[in-house]
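Before any comments, here is the structure.
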Amino acid sequence: MPTTYDSQALAAADRAHLLHPFLPASRQGRTVMVEGRGCRLRDAQGREYLDATAGMWLCQVGHGRPEIADAAAGQMRRLEYSTAFWDFTHDRAITLAQRLVRLSHPDTARVYFTSGGSEGTETALRMARNYHHRRGEPERTWILTRTGAYHGAGYASGEVSDFPLYATGFGPQPGHVHRLTAPYPYAMGLASAPEKATDLLLEEMESAIAMIGAHRIAALIGEPALALGGMVAPPPDYWPRVARLLHRHGILLIMDEVVTAFGRLGHWFAAERMGVRPDLTILSKGLTSGYFPLGAVLLTGRLADVLGADGGFPVGYTYNGHPTGCAVALANLDIIEGEGLLDAADRTGAHLAAGLRSLHDIPMVGETRQYGLMAAVELVADRTTRTPLPEGTYAIADLIRDRTGVLVRGGPRALTLAPPLVMTEGEADEVVSALADVLSSIPAPAAAGRAHRSTTLVPGP
C-alpha cells in the first residue's frame, strides 16, 4: 500500500522550522513532495505533478532511478567519505575525473571537485585571478559578465549574476565586475537578424575591454545559453567570435555549464555544440541528476600547470570529490550514455517546440524558443514593443501548477522549461496543453499586437 502522510502536519512543521529561499509572501501553503518516478512527482496529499523543470533543471535521467540508489548505497557501505586534501585521494574521484576529461574538449586536463554550482563559480573566479597573479599579472582582477546571467548565490557568484537582490542589504561586494549586454536577439529587437546582434555585442565588448584595459581583465564568465534569464540561445557565431576576441587579449573564458552540460543541449557539453574550448568549465546539476550534491571545475592544461604548481591550489572544501557523490555521478553518466539521452534532447526538444508554436495565437505570447531540451515562452504586455509583463511570469507559473499539476518555472520575462531527458513526446504534449489552457484563460494585455515569432536555433560551428 502507498505510504500515507499527514500533509497538514508536515506543512505546519515546515512553516515552524524551515527558512526557505525566495518564499512568495502570497503563498501561505506548502507543496510537500514525497515521491518521484520518471517525470512525475507526488505530494503528501497524493496529487501528481508532471515535472517540466527537472527539479531545478538538473534531473537528466528522471526521478527514482534504482541504479543510482544502488550505486550510492554500495559506495557508502564500502567507503562513505574520504578527503581529497593534501596527498589523499580515492578511486571514485580518480575514475570520475578521468571520465570527465575524456568527455570534454582535448585541451581539458584536470578536474577540481566542488559541492555545487555556486561553489564552482566561486572557485573558477578565484582560479582565474590566481592564474594571472602567479604569472606576474596581479592587476588582472576584473571579471566580465552579462545581463540576465545567473551564476550562483555566493558573494562573488552572486555579484556576477544579474539579480540585484543578491547585493541589496548584504554590504559591500567583491567588486571589479563589468556587465555586458547578453545575446538576447528578441529583447534587442533583432530576432530576424541575429548576426547583427552579434556585431553589436562584439563592438560593445571591444569598447569595454578598451575602457577597462585588457591588462586588467582576468576573465569573462558566461552561460552558453541563458537559463534563468529566459532559456535564450545566442546566435551561432556569438561564442566563436567572443572566444577569439578574448584570446587576442589574454582574457580567460569561463563557461558556466551548470545547466547546459550532460545532454541538456544534445552533447556532453554545450561548448562542443558551440565550437569553443573554454579555459574553465563549471559543472554541477546534471553531473549527478541531483541525486547527490556534487560539482566540478574543468581546467585546461595550461591553467592546471600554473595552478597546480608550488603546493597546489590554495582553496579546498570538506566535500571535494566526495566518494558517494562520485559513485552517483558515474552511475548517472552510465544511464545518459546507455540510454542514448544525448540524442533525446534534440528529438524531444523539436517535438516540444512544435507544440509550443501552437501558443502563438494567444496575444500575450511574444516568442517561443527551443534549444535542445531548453525551452521558453516569452510573455509580453505588448507584442509590438516586446514589453515584458510588469511582475514577470512567476504568478503565472504558480497558476499553471495549481490548475494543471504541470511544473514550469517563472522568470523576469518568460516561462521556462527544462524537463528530464527521459520525457516522452506524450508528456511534452501534456505540458503544451497545460500552458495553452492557462494562458488562453488570462485576459489579453490591452496593448498586445498580433505579431509573433518562434525561434529554434541551430548548432554553431
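A short reminder: the numbers here are calculations on the coordinates, not readings from a lab. These numbers were taken from a predicted model, which means no experiment stands behind them. No Cβ is skipped: glycine too gets one built from the backbone with ideal geometry, and neighbour counts run over all protein chains shown.
Distance between Cα centroids, region 192-235 to region 321-373: provide it in whole Å.
Comparing the Cα centres of region 192-235 and region 321-373, I get a distance of 25 Å.
Picking from V438, T168, T368, whose Cα lies most toward the positive end of the charge dipole for the chain (charges on Cβ: Lys, Arg +1; Asp, Glu -1)?
T168
For V177, what residues show an amide H to amide H distance below 5 Å, using hydrogens built from the backbone and excluding near sequence neighbours?
I143
In whole Hz, with x marking every Gly and Pro, tabulate ³J(HN,Hα) for region 326-340 from phi via Karplus 6.51 cos²θ - 1.76 cosθ + 1.60, θ = phi - 60°.
5, 5, 4, 4, 5, 5, 5, 5, 4, 5, 4, 6, x, 9, x
Specify the inter-centroid distance of region 84-124 and region 394-428, based on alpha-carbon positions, in whole Å.
Spelled out, the Cα-based centre of one part sits 32 Å from the other.
Tell me, what is the FRET efficiency for A193 and R216 to the nearest 0.05, using R0 = 41 angstrom and their Cβ-Cβ distance as r?
Using R0 = 41 Å, I get an efficiency of 0.80.
Rounded, prolate or oblate for region 44-160? Axes are the square roots of the Cα gyration tensor eigenvalues, ordered a ≥ b ≥ c, and the cut-off for rounded is a/c under 1.5.
In terms of gyration-tensor shape, oblate.
Rounded to the nearest 0.05, what FRET efficiency is calculated for L19 and T147 with R0 set to 25 Å and r the Cβ-Cβ distance?
Once rounded, the FRET efficiency stands at 0.25.
Over all pairs of distinct alpha carbons, what does the Kirkwood formula give as the hydrodynamic radius of region 67-338, in Å?
Numbers: mean 1/r = 0.0524 Å⁻¹.
For region 67-338, inverting the mean 1/r across all distinct Cα pairs yields 19.1 Å.
Hey, can you rank 187-199, 322-334 by average C-beta count inside 10 Å, highest first?
In decreasing order of mean packing, 187-199, 322-334 become 322-334, 187-199.
Check L252: other-chain or 5+ apart residues with amide H under 5 Å from its amide H, H built from backbone geometry?
A219, L220
What value, in deg cm²/dmol to 500, does the helix sum -39500 (n - 2.57) over DSSP H runs of n ≥ 4 give at 222 nm once divided by the residues of the chain? All intermediate terms of the calculation are to be shown ahead of the outcome.
Working: 15 runs with 170 residues, N = 461.
Taken over the chain, the calculation gives -11500 deg cm²/dmol.
³J(HN,Hα) across region 146-153 via Karplus (A = 6.51, B = -1.76, C = 1.60, θ = phi - 60°), whole Hz, x for Gly/Pro?
Calculated HN-Hα couplings, in order: 10, 5, x, 6, 10, 10, x, 10 Hz.
When the Karplus curve 6.51 cos²θ - 1.76 cosθ + 1.60 is applied with θ = phi - 60°, which whole-Hz ³J(HN,Hα) does each residue of region 244-260 get, with x for Gly and Pro?
5, 5, 4, 4, 4, 9, x, 9, 6, 10, 9, 9, 8, 9, 4, 8, 8
Using a ≥ b ≥ c from the Cα gyration tensor of region 248-341 (square roots of the eigenvalues), is it rounded, prolate or oblate, where a/c under 1.5 gives rounded and otherwise the larger of a/b and b/c decides, a/b for prolate?
Oblate.
Report the one residue of P66, T147, L342 whose Cα lies farthest in the direction of the positive end of the charge dipole of the chain (charges on C-beta: Lys and Arg +1, Asp and Glu -1; origin at the Cα centre).
Value computed over the given set: T147.
State whether region 163-217 is rounded, prolate or oblate according to the following rule on the C-alpha gyration tensor (a ≥ b ≥ c being the square roots of its eigenvalues): a/c under 1.5 gives rounded; otherwise a/b larger than b/c gives prolate, and the remaining case gives oblate.
oblate
Please give the peptides 161-168, 18-25, 372-379 ranked by average Cβ packing (other Cβ atoms within 10 Å per residue), highest first, as a rough proxy for protection.
Highest-to-lowest ranking by the protection proxy: 372-379, 161-168, 18-25.
Take the Cβ-Cβ distance between R47 and S82 as r, set R0 to 51 Å, and report the resulting FRET efficiency rounded to the nearest 0.05.
Result of the calculation: an efficiency of 0.80.
Given H placed on each backbone N at 1.01 Å, which residues far from G295 in sequence or on other chains put an amide H within less than 5 Å of it?
Correct list: T114, S115, G116.
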